[in-house]
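The values are calculated or read from the model by the stated rules, or taken from the named source; none is laboratory data. Note that the coordinates shown come from a computational prediction; the quantities given were computed from them, not determined experimentally. With ideal geometry, Cβ positions are generated from the backbone for all residues, glycine too; neighbour counts draw on all protein chains shown. Just the protein is used for accessible areas: all its heavy atoms, side chains included, with ligands, DNA and RNA removed. Shrake-Rupley method; radii C 1.70, N 1.55, O 1.52, S 1.80 Å.
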Amino acid sequence: MKKITILLPTYNEEPSFSMIKECMAQVLKDNPGYEWEFLFINDGSTDNTLQQIIRLHNEDSHYSYIDLSRNYGKEIAMMAGFDYVSSDAVIIMDSDMQHPVEVIPEMIKWWEQGYDDVYAERMNSQETWFKKKSSQWYYQILQHLTRVPIQRNTGDFRLLDRSCIEALKQMRETERNTKGMYSWIGFHKKGITYKQKERLEGNTKWSFMSLLNLALNGIMSYTIAPLRIVSVIGLLVSLIAFAYLLYILITTWIYGDPVAGYPTIMVTILFLGGIQLLGIGIVGEYLGRVFNEVKRRPGYFVNKVVMGKKN
């Protein structure tokens, strides 16, 4: 019998556990032909999330958990989950249960037909207009900057075959954008659609700054296009400056026009200064990521791992 793990990264989701238990019971009921494991990754929760996880584990041996030493973020929490699962396939879901378990049988169907990565595309979203549009613009920009195909309107909700998990385990960077990694590793992919549920309990953990940081990681982890863009801008600015110099020389020599002093100098200095600061900032972003990676620190530390049947 094939084994499937549902990976549940969890941070301060204490109010969601009644829904989690109900949804996982439905998974067992709808998919009886498989061995199931529900693996929580407690990402340094500060409420009673860990106690709720332990309670579920003591009640039902389908539940396992990894308790991380602190809050590392969802990307690292998933990395820890990939390291410890031993199943034939993994389904990643959010612990707020906005991902519907009703589509899991369809995921399994396509997996059994030979697809390695069955990813779910959102048909609807409860997000604001600005968040929707900014997400669309982001994916459009990212696709133009990289040659790796990027799936739009998709997140971490997907089924991954063991081959994909083994590939992801080899990617040990700590500045992670797992959504880009899914595309980068390739393998045989299949998209399905789903309607995202409303969050009934708790609050979202994604602030504007955390989403911005994730977006920057997505761009800078998979392309050096920003560096090339700055190089092209520098070249264009140099050509424009040279052309302007020729214009000043010609107009002064032929027409005897006086050269504007202070305004011209100030505009030129401010313009070139802005371009230089932009270039330094982009180089600094890449350099900062290199600095974090060359230290070769472990991605996470674990307090406790409880897998399989209760102790």
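Determine whether region 171-189 contains at least one residue that is more than 30 Å from residue 292 (Cα to Cα) and modelled with pLDDT of 80 or more. Outline the logic, then answer.
Taking region 171-189 and keeping what is more than 30 Å from residue 292 (Cα to Cα), we get 188-189.
Pick out the ones that are also modelled with pLDDT of 80 or more and you get 188-189.
Yes, region 171-189 contains at least one residue that is more than 30 Å from residue 292 (Cα to Cα) and modelled with pLDDT of 80 or more.
Pick from region 287-309 the residues that are small (Gly, Ala, Ser) and under 20 Å from the mean Cα position of the chain (by Cα): which of them is surrounded by the most Cβ atoms within 10 Å (Cβ to Cβ)?
Residues of region 287-309 that are small (Gly, Ala, Ser), as a first pass: 288, 299, 308.
Okay, now just the ones that are also under 20 Å from the mean Cα position of the chain (by Cα), so 288, 299.
Working: 288: 12, 299: 15.
Step by step, filter region 287-309, then rank; the result is 299.
For region 8-21, what are the residues that are out of contact with any helix residue (DSSP H, G or I) (no Cβ under 6 Å at 6 or more places or on another chain), part of a helix (DSSP H, G or I) and open to solvent by 10 Å² or more (accessible area, probe 1.4 Å)?
Answer for region 8-21, where residues must be out of contact with any helix residue (DSSP H, G or I) (no Cβ under 6 Å at 6 or more places or on another chain), part of a helix (DSSP H, G or I) and open to solvent by 10 Å² or more (accessible area, probe 1.4 Å): 15, 18, 19, 21.
So residue 101 fits all but one of (1) open to solvent by less than 10 Å² (accessible area, probe 1.4 Å); (2) at pLDDT 90 or above; what number is the exception?
Condition not satisfied by residue 101: (2).
Does residue 201 satisfy being modelled with pLDDT under 65, among the acidic types (Asp, Glu) and assigned to a loop (DSSP other than H, G, I, E, B)? Don't jump to the end; show me each part of the working.
On the way: modelled with pLDDT under 65: yes; among the acidic types (Asp, Glu): yes; assigned to a loop (DSSP other than H, G, I, E, B): yes.
For residue 201, the condition - modelled with pLDDT under 65, among the acidic types (Asp, Glu) and assigned to a loop (DSSP other than H, G, I, E, B) - is met.
Residue 49 versus (1) within 17 Å of the chain's Cα centre (by Cα); (2) buried (at least 20 other Cβ atoms within 10 Å of the Cβ): which is the lone unmet condition?
If we test residue 49 against (1) within 17 Å of the chain's Cα centre (by Cα); (2) buried (at least 20 other Cβ atoms within 10 Å of the Cβ), just (1) comes out false.
Could you tell me which of the residues 256, 273, 279, 261 is surrounded by fewer than 11 Cβ atoms within 10 Å (Cβ to Cβ), modelled with pLDDT of 70 or more and not aromatic (Phe, Trp, Tyr)? Reasoning before the result, please.
Details: 256 fails: modelled with pLDDT of 70 or more; 279 fails: surrounded by fewer than 11 Cβ atoms within 10 Å (Cβ to Cβ); 261 fails: modelled with pLDDT of 70 or more.
Answer to the selection: 273.
Exactly one condition in (1) touching a residue at least 60 places away in the same chain (Cβ under 8 Å); (2) more than 24 Å from the chain's Cα centre (by Cα); (3) crowded, with 16+ Cβ neighbours inside 10 Å is not met by residue 5; state its number.
It is condition (2) that residue 5 fails.
Can you say whether residue 16 is over 17 Å from residue 169 (Cα atoms), touching a strand residue (DSSP E or B) at 6+ places or on another chain (Cβ under 9 Å) and modelled with pLDDT under 85, as far as the supplied structure shows? Can you show your working first?
Values: over 17 Å from residue 169 (Cα atoms): yes; touching a strand residue (DSSP E or B) at 6+ places or on another chain (Cβ under 9 Å): yes; modelled with pLDDT under 85: yes.
For residue 16, the condition - over 17 Å from residue 169 (Cα atoms), touching a strand residue (DSSP E or B) at 6+ places or on another chain (Cβ under 9 Å) and modelled with pLDDT under 85 - is met.
List the residue pairs whose Cβ atoms are under 8 Å apart, where the first residue sits in region 178-194 and is closer than 16 Å to residue 156 by Cβ and part of a helix (DSSP H, G or I), the second is small (Gly, Ala, Ser) and open to solvent by 10 Å² or more (accessible area, probe 1.4 Å), and the two are 6 or more positions apart or on different chains.
Cβ pairs passing all conditions: 179/155; 180/221; 185/167.
What tally of residues in region 292-311 results from selecting those that are at pLDDT 75 or above and part of a helix (DSSP H, G or I)?
Residues in region 292-311 being at pLDDT 75 or above and part of a helix (DSSP H, G or I): 1 in total.
Of all residues in region 29-50 being without any contact (Cβ under 8 Å) to a residue 24 or more places away in the chain and not charged (D, E, K, R), which is farthest from residue 4 (Cα to Cα)?
This residue is 50.
Could you check, for region 70-81, whether at least one of its residues is out of contact with any Ser or Thr (no Cβ under 9 Å at 6 or more places or on another chain), surrounded by 14 or more Cβ atoms within 10 Å (Cβ to Cβ) and among the hydrophobic types (A, V, I, L, M, F, W, C)?
Yes, region 70-81 has at least one match.
Is at least one residue of region 215-228 open to solvent by less than 30 Å² (accessible area, probe 1.4 Å), over 15 Å from residue 78 (Cα atoms), outside any strand (DSSP E or B) and modelled with pLDDT of 70 or more?
Checked against the condition, which is being open to solvent by less than 30 Å² (accessible area, probe 1.4 Å), over 15 Å from residue 78 (Cα atoms), outside any strand (DSSP E or B) and modelled with pLDDT of 70 or more, region 215-228 yields at least one hit.
Can you confirm whether region 35-45 contains a residue that is among the acidic types (Asp, Glu), farther than 23 Å from residue 161 by Cβ and part of a loop (DSSP other than H, G, I, E, B)? I'd like the intermediate steps shown before the answer.
Within region 35-45, the subset among the acidic types (Asp, Glu) is 35, 37, 43.
Going one step further and asking which of them are farther than 23 Å from residue 161 by Cβ, we end up with 43.
Keeping just the survivors that are part of a loop (DSSP other than H, G, I, E, B) gives 43.
Within region 35-45 (the criterion being among the acidic types (Asp, Glu), farther than 23 Å from residue 161 by Cβ and part of a loop (DSSP other than H, G, I, E, B)), the answer is yes, since at least one residue qualifies.
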